[in-house]
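Please treat every number below as a calculation from the coordinates, not as lab data. Small disclaimer: the values here were computed from a predicted structure and weren't measured. Methodologically, a virtual Cβ is constructed for each residue, glycine included, from the backbone with ideal geometry; neighbour enumeration extends over all protein chains shown.
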Amino acid sequence: MTDRSAAQYAPADGAREIAVRASHVSMDFGGGVLAVDDASFELEKGRFLTILGPSGSGKTTLLRMIAGFQKQTAGEITINGKAVGAAPPHRRSIGMVFQRLALFPHMTAAENVAFPLKMRRFDPRTIPDRVNGFLELVKLGGYGNRRINELSGGQQQRVAIARALVFEPDLLLLDEPLAALDVKLREEMQLEFRRIQHELGVTTINVTHDQREALVVSDDIIVMDGGRIQQHAKPVELYRAPTNPFVAGFLGLSSFVEGKATADGDLQSGDLKVLGVSAGDVTEGVPVIAAIRAEQIRLARSAPALGACEMQLDATVIDTIFEGERQMYIVEAASLPGTTFRVYHHDPEGFGLFDIGDPVAIGWNRRDLKIFRHAAE
Amino acid sequence: MDALNRTLDIVWPARMMPYTGWALLMPALLLVGLLVLGLFQMADSSLHTLDRSTFLPSENYTLENYRTVVENATYGKIIWRSVLGAVLTVFFTLLLALPYSYIMVRTSSSAVRKVLLVTLFLPFFIGQVVRAYGLLIILGTTGVANNALGLVGVEPIRLLFNFPAVVFGLVQYMLPFAVLMLAPALTAIPRETETAAASLGANWLQSFRHVVIPMAKPGLIGAGLVVGTLALTDFAMPAMLGGGSQDFIANAIYDQFFRTADQGLGAALALMLVVLGSVFVAIVISIFGAGTLGMGGKK
Ligand SMILES: Nc1ncnc2c1ncn2[C@@H]1O[C@H](COP(=O)(O)OP(=O)(O)OP(=O)(O)O)[C@@H](O)[C@H]1O
Ligand SMILES: [Mg+2]
């Protein structure tokens, strides 16, 4: 359970401003299970944070507490130094895009975008220009007079974003607003989020269970599971250096090996010593679980063809799965009975090199296998 | 299952399928047809005056009855009173029903919801006449209302047998109908939409005015139509709470049919009522458009 504070991302001169700070925040809906369990993090001004986790991990609950729609049962959340909940919702400066968008169906796109400006008493003479400006920003110039039901899903999405941003809130919150879109449109909107966020520099917190979305759009990612923050890091770091098996398994595709830790930090399974690096406090003899990603395992007809690999094993192909841009093989190592490895193999020309039952060799570099203390301990 | 299908094939062969819709419409068409027939008969009798010497309708056709309705100040007053009563009833009923159904739909406590539902339905089960009697007792000079006023030192006042009493009774009678029609319309508004309005800077009043009411418009119009037509044609409340001094059109029709036995005049009044009701519905629909009622078509 590493709780990285935002401190490590501080620019060299140390001048950073914290926009959102959560300290030891918990939410108990009753019944003893905490929907959010002792969550602490800091978010710097202007950055894009994604809260990533499986269904029911407490993402929405955490976001609603930040928005002030729900009061946490323990801990404190501040936005720009002021405690959330000090002001009623309509006085706060938070733009939110909801999972089901919550656009006003009886208004046009432009009226939707103008709504927060009217409610917040912007100078009426400036409203039309401002509305048009933000409709342009989300590439909906000329669509202002359309009713909401005359817009496509992606266009409605854009109206919702424009509406949440038009009053220049201190903070933008996104609760899985892309979940309902098809894959192509979703990927397009992810890049769109990034562009708009960079253009305006608004501090943003996004909630999703889509790991790809998190990696693509975010400056920082918080991975949640069972109400707890599992890891808080930059996308690359999170992917390359997971600090616990949950994160290793949740992002990307990993294979796991169980065993006991050796004196020099490797993993012992039966007679076999599996080479890897240990993450966190792993001492000799403790039960450990190791994870390695599918793209970090090499696969070849025989051991010599693997090239330089610190760890090499003989294995048999159990299954082959064609995924379009690559082939996935499921293989079982002879010396690790009961353990299967999932391996990506890029073969741009062929039609699948190996068949089920073929003897193969697999290998990896020591630094790519991460060894964690077994969660049960 | 197979046997069932075979029987069905004989009773209603596949080539009849395109007409299934019409077949299902038949009962409704029959019912409406009967009503239309009745209307024609009414129209016919409205064109004969009552011969006071023989107490039989006149032989020849005449517009005399309509002239009476239009020219007689009493009927003008009755029609005006009915229309005003209906409009006021719609206004006050919706004013009360909207917050009532809103709280009923939105409350997080199921106990509150149940209490509101039971309070709504108890009087509903009792029936209009018994309820009017109840109001007679409550509003009487020695009733609960005047006793309560007496406690704060107000002299007993006449709360009954006047126009406000009739409107009060009608509102009380219509409230459950209006709440029942508004509740689904309000349920259809996602809670998230109101949360969104708040996050965009609307306080609850603004959110109600700019989001809830416009989105509940189909329900409000539907409820208004039902309450309006029911109030316009009501008989019991004006009869009982008005004490004969506050007649609505239905009371006048009753008098013609069952007291003076002037069928012709009664029929003329009845047709006036049909026209009034239709005009009321037509005005509402032309202002708001059938589309808002969920009847398809654009505004
Ligand atoms: N109002 C509530 N009352 C009781 N329990 C709740 C309430 N809201 C959420 N929970 C519980 O809290 C846990 C976390 O819920 P939350 O909605 O935060 O999950 P999530 O991570 O957003 O999931 P998803 O990806 O499915 O939206 C769940 O176990 C849920 O059942
Ligand atoms: Mg959620």
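General remarks:
- Two-site FRET efficiency, B:ASN72 against B:TRP204, from Cβ-Cβ distance with R₀ of 51 Å, rounded to 0.05: 0.50
- Using only alpha-carbon positions in the range A:277-360, the gyration tensor eigenvalues give semi-axes of 26, 14, 13 Å once each is multiplied by 5 and square-rooted (largest first).
- About the centre of its Cα atoms, the range A:253-373 shows a dipole size close to 300 debye [charges on the beta carbon of Lys, Arg (+1) and Asp, Glu (-1) only; nearest 20 debye].
- Here the ratio of the Cα radius of gyration of the range B:1-155 to 2.2 N^0.38 Å is 1.83.
- From the Kirkwood radius over Cα pairs of the range B:196-282, Stokes-Einstein at 37 °C and 0.692 mPa s returns a whole-number translational diffusion coefficient of 208 µm²/s.
- Inter-chain Cβ neighbour average for residues A:93-101, partner chain, 10 Å: 3
- Reciprocal of mean inverse Cα separation for the range A:117-187 (Kirkwood radius, Å): 13.3 Å
- With one equal scatterer per alpha carbon and no solvent term, the Debye-computed log10 I(q)/I(0) for the range B:1-43 at 0.21, 0.24, 0.34 1/Å reads -0.73, -0.82, -1.02.
- In this structure, the amide hydrogen of A:GLY75, modeled 1.01 Å from its nitrogen in the peptide plane, lies closer than 5 angstrom to those of A:SER26, counting only residues at least 5 positions away or on a different chain.
- Using C-alpha pairs below 8 Å separated by at least 6 residues, the relative contact order for chain A is 15 percent.
- Equivalent ellipsoid of the range B:163-227: semi-axes from √(5λ) of the C-alpha gyration tensor, largest first, are 28, 13, 8 Å.
- Axial C-alpha extent at least 15 Å, average Kyte-Doolittle at least -0.5 - helices from chain B (DSSP): B:20-46, B:73-106, B:110-126, B:128-139, B:163-187, B:217-232, B:263-288
- Positive contributions from Lys and Arg (+1) and negative ones from Asp and Glu (-1), summed over other residues with Cβ under 13 Å from the Cβ of B:ILE103, come out at +3.
- The range B:233-287: mean projected area of Cα convex hull, nm²: 4.1 nm²
- Highest GNM mean-square fluctuation among B:MET240, B:MET215, B:MET16, for chain B modelled with Cα contacts below 10 Å: B:MET16.
- Note on chain A: Lys pairs 8 or more places apart or on different chains, Cα atoms under 21 Å apart, count 11.
- Amide H contacts for A:VAL360 (H built 1.01 Å from N in the peptide plane; partners 5 or more residues away or on another chain; cut-off under 5 Å): A:ALA315, A:THR316, A:VAL317.
- Within a straight-line Cα-Cα reach of under 16 Å, B:LYS217 can be paired with the following lysines, leaving aside sequence neighbours fewer than 8 residues apart in one chain: B:LYS298, B:LYS299.
- Helix-only [θ]222 nm of chain A, DSSP H runs n ≥ 4, -39500 (n - 2.57) each, per residue, nearest 500: -6500 deg cm²/dmol
- Inter-chain neighbour count for B:187-198: the average number of beta-carbon atoms from partner chains within 10 Å of each residue's beta-carbon is 5.
- Residue with peak Gaussian network fluctuation, chain A [Cα springs, cutoff 10 Å], from A:SER269, A:SER26, A:SER254: A:SER269
- Residues in the range A:228-243 carry Karplus couplings, in order, of 10, 6, 8, 6, 10, 7, 6, x, 4, 4, 4, 6, 7, 10, x, 9 Hz; the curve used is 6.51 cos²θ - 1.76 cosθ + 1.60 with θ = phi - 60°, and Gly or Pro positions show x.
- Rounded to whole Hz, the Karplus (6.51, -1.76, 1.60) HN-Hα couplings of the range A:208-215, x for glycine and proline: 7, 10, 9, 5, 5, 4, 4, 5
- Comparing B:ALA268, B:ALA216, B:ALA202 in a Gaussian network model of chain B where C-alpha atoms under 10 Å apart are linked, the largest mean-square fluctuation is found at B:ALA202.
- Residue exposure sequence - B:LYS114, B:LYS217 - by fewest surrounding Cβ within 10 Å: B:LYS114, B:LYS217
- Efficiency of FRET between B:ALA23 and B:ALA261 - r from beta-carbon atoms, R0 41 angstrom, step 0.05: 0.45
- Stokes-Einstein diffusion coefficient of the range B:74-293, Kirkwood radius over Cα pairs, 25 °C, 0.890 mPa s, in µm²/s: 127 µm²/s
- Bins of 5 Å, starting at 0 and running to the largest distance - Cα pair percent for the range A:208-310: 2, 11, 19, 19, 18, 14, 10, 5, 1, 0
- Of the residues A:ARG293, A:ARG326, A:ARG125, the one with the fewest other Cβ atoms within 10 Å heads the list, and the complete ranking is A:ARG125, A:ARG326, A:ARG293.
- Reciprocal mean inverse distance between Cα atoms of the protein assembly as shown - Kirkwood radius, Å: 32.1 Å
- When each full DSSP H helix of chain A is screened for a Cα extent of at least 24 Å along its own axis and an average Kyte-Doolittle hydropathy of at least 1.6, none passes.
- Ranked from largest, the principal axis spans of the Cα set of the range A:35-98 equal 32, 27, 23 Å.
- The calculated pair-distance distribution of the range A:2-240 uses every alpha carbon pair, bins of 10 angstrom beginning at 0, and gives 7, 32, 36, 20, 5, 0 percent.
- Stokes-Einstein diffusion for the range B:105-172 at 20 °C, viscosity 1.002 mPa s, with a Kirkwood radius from C-alpha pairs, works out to 154 µm²/s.
- Rounded to the nearest Hz, the phi-derived 3J(HN,Hα) couplings of the range B:246-259 under the Karplus curve 6.51 cos²θ - 1.76 cosθ + 1.60 (θ = phi - 60°) are 10, 4, 9, 4, 4, 5, 5, 4, 4, 4, 5, 6, 10, 9, where x marks glycine and proline.
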